[in-house]
Amino acid sequence: MHDLKTGYQLPDLPYDFNALEPIISAEIMELHYTKHHKAYVTNLNVALEKYHEAETRNDIAAMIAHQSAIKFNGGGHINHSIFWTILTSPSEGGSRGPQGDLAKMIDRDFGTFDQFKEKLTTTTAAIQGSGWGWLGYNKGQKRLEIATCANQDPLSTQGLVPLLGVDVWEHAYYLQYKNVRPDYVKAIWQLFNWNNIEERFYKSII
Ligand code: MN3
């Protein structure tokens, strides 16, 4: 949501902080949502306000100086807004797997669902430093791609529509999984909300 006067807002979390237990603890969720995502929203609004002030003064150098803060915090806001909705409680999650046209395209582009799962898991776990692993849709080539982004760069910077993203910043898992990032990335498959991911896919192929 964006309003010129009030700026961007933290979106509602679609479930309680403890909904993703035992895969992601309530403590991680509360910190991640109320501190980290909130900070991206706050800092995005500050950066945009400064940008608009600079624009009003026709100060291009100052406008450029605010662009990295807009990219970082705007990307953080975009990415986390997606992340909350592509997850759901384990009882409604990953055991179902993708269906329909998305399942068919996964098979076409990656071989089998298990090969896709393996590739996304290993690629995401291997990201150096902080970043995100993604399943994206390439509208030009009409195909699915696995991609990684550093920091909070949104997947749109790689020309892909985001369908499913995994946050591998340490704040997303360290309290529970410590240094063992691969265990977190393997476990998060139990939380994927395939209804939401399929919805994103059907919107992206129009
Ligand atoms: Mn995060």
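The values are calculated or read from the model by the stated rules, or taken from the named source; none is laboratory data. Computed from a predicted structure; not experimentally measured. Positions of Cβ are generated from backbone atoms using ideal geometry, with glycine treated the same way; all protein chains shown enter the neighbour counts. Just the protein is used for accessible areas: all its heavy atoms, side chains included, with ligands, DNA and RNA removed. Shrake-Rupley method; radii C 1.70, N 1.55, O 1.52, S 1.80 Å.
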Next item on the list: Output the residue which, of all residues in the range 21-33 that are open to solvent by less than 70 Å² (accessible area, probe 1.4 Å) and in contact (Cβ under 8 Å) with a residue 24 or more places away in the chain, is nearest to Glu92 (Cα to Cα).
Entry: Ile23
Checklist line | Of all residues in the range 59-80 being within 16 Å of the ligand (Cβ to nearest atom) and of a type in the set (S, T, N, Q), the one that is farthest from Leu191 (Cα to Cα) | finding: Asn73
Margin query: Out of everything in the range 46-104 that is outside any helix (DSSP H, G or I) and of a type in the set (Ser, Thr, Tyr), what residue ends up being surrounded by the most Cβ atoms within 10 Å (Cβ to Cβ)?
Written below: Thr88
Margin query: I need a count of the residues in the range 152-170 that are within 11 Å of the ligand (Cβ to nearest atom) and open to solvent by 40 Å² or more (accessible area, probe 1.4 Å).
Written below: 2
Note to self: Just to be sure I understand, how many residues within the range 21-51 are more than 16 Å from the ligand (Cβ to nearest atom) and touching a strand residue (DSSP E or B) at 6+ places or on another chain (Cβ under 9 Å)?
What the structure shows: 4
Notebook entry, point to check: Could you list, in sequence order, the residues of the range 132-184 that are touching a Phe, Trp or Tyr at 6+ places or on another chain (Cβ under 6 Å) and assigned to a helix (DSSP H, G or I)?
Noted result: Leu155, Tyr177, Asp183, Tyr184
Item checked: Tabulated pairs, the range 61-78, first over 14 Å from Ala150 (Cα atoms), second open to solvent by less than 20 Å² (accessible area, probe 1.4 Å) and more than 16 Å from the ligand (Cβ to nearest atom), C-beta under 6 angstrom, 6+ apart or interchain -> Ala62/Ala54; Met63/Ala54; His66/Ala47; Ala69/Ala47; Ile70/Ala47
Margin query: Taking the conditions exactly as written (part of a loop (DSSP other than H, G, I, E, B) and either modelled with pLDDT of 95 or more or crowded, with 18+ Cβ neighbours inside 10 Å (or both)), does Tyr15 satisfy them or not?
Written below: yes
Notebook entry, point to check: among the aromatic types (Phe, Trp, Tyr), in contact with a strand residue (DSSP E or B) (Cβ under 7 Å, 6 or more places away or on another chain) and either at pLDDT 95 or above or away from the ligand (no atom under 16 Å from the Cβ) (or both): does that describe Phe83?
Noted result: yes
Next item on the list: Could you grab the pairs with beta carbons closer than 8 Å, sequence gap of 6+ or different chains, first residue in the range 119-140 and more than 13 Å from Tyr184 (Cα to Cα), second one basic (Lys, Arg)?
Entry: Tyr137/Arg143
